[in-house]
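Report on the structure given below.
Since every read-out is calculated from the coordinates, none of them should be taken as a lab result. If you're wondering where the values come from, they're calculated on a predicted model, not measured in any experiment. FYI the Cβ positions are ideal-geometry reconstructions off the backbone, even for glycines, and counts take in every protein chain you see.
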């Protein structure tokens, strides 16, 4: 029993990473979202704010671009600039398969 | 044109060819060109060069009538003119362009180098935009078509008088030859279908390019001759040149057209020394003219537009290749990397692998390696998104290794 309790406790630490898309306006305000409600709005705002800062910073150094892809080990973020705002896609990568037992 | 008298006339002469407004001085009595600076004691000396004896005589008379009463000497060849300039000081040289043996442009090239303070005027029957550009590139102050009417003659006299009246040498203004690439100079020579020898120096090196009737017929530098020498000379990034009289006795060793030759040389230069040949080498002073060899090698990957390597120590200088505003971009790259790494932590997304931006004019990518710093590359938009990601992976791995 003690072992099972420990396993349950360990499982509860694993969180599903956010997935979906949302849009922010040029001020970073959330306009629309398909991101699950369990994902804190503060987190989506933070993502939007960082992405907009990257777009604006690039334009300031004469490297304007319209589409951004950010690769993490287990996650992809894609964003497209939209009239000063942006649409942002959050895509968790599938967990790597364990090596097949021979 | 009446001078003085009851009428007070101000003539503002726009030179038909050089498009500069030359304003003759107006004396207190209203007469044109009669005012002299109080300190002007020395008599101006003008050297007039033209192979046409009648024209020489006519213009000598016209110039001697100027209010400042300059001393006017004449000669009928470029070589003689240079000899005269070497033997005594002159204020101004007025030369024709079309002359046998040594043409006016050749005279100007030599004179500009040897007598930088001499005022130069071209007086010619040639109405050709190209000649005009070339003359101005040689530093002439006025380009005049030979006057065809009394009014033209008057304007010419007024302009010359106005020029003589201006302070010379270093008192005000700048003079010099436009900064042109060797390719520009060669193209100008060939386009004019002229014949000359370009004598080029680059540090301690020297080379010559023979041009005959607008075609490059030979080149020589150090131990090389022909096309090999031509390409070598073209790889020099700076130096001095002078246009010497043609050498018709030179045997033809280059048989390619000048366009083909320049194209070949440009391609060879681009392939072999692209990075260091970058005219846009970092203007921010981080890399100056010498691109780092490591980045230069990476720049040879297909589609790479610029490269930037930022060391972990924020006080250490950045390395860049073909990037004009490297300091600004480096600051943005640092900031972006920090933001995206922070975002990854918030998302518990694991290690940051890289970021890619895609634009209409340029794509870019950035990635980081602990202990090595942040690396950013720009790509030409001809590459697809997948190609950008693949190329970035290659060059980043090479850089990080």
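Structure values in brief
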item	result
Fewest-first sequence of A:50, B:117 by Cβ atoms within 10 Å of each Cβ	B:117, A:50
Förster radius 30 Å - calculated FRET efficiency between residue B:223 and residue B:249 (Cβ-Cβ, nearest 0.05)	0.85
Residues B:241, B:115, B:143 arranged by fewest to most Cβ contacts within 10 Å	B:115, B:241, B:143
Theoretical gain in end-to-end length, residue B:263 to residue B:385 [0.36 nm per residue, Cα-Cα removed]	40.8 nm
Residue A:91 paired with residue A:53, simple spin-label distance in nm, labels 7 Å along Cα-to-beta-carbon	2.5
Relative packing of peptides B:153-162, B:126-135 - highest average C-beta neighbours within 10 Å first	B:153-162, B:126-135
Whether region A:17-92 is rounded, prolate or oblate, judged on the alpha carbon gyration tensor where a/c under 1.5 counts as rounded	oblate
Computed E for residue B:128/residue B:256 - FRET, C-beta separation, R0 25 angstrom, nearest 0.05	0.40
For B:237, B:231, order by how many other beta-carbon atoms lie within 10 Å, fewest first	B:237, B:231
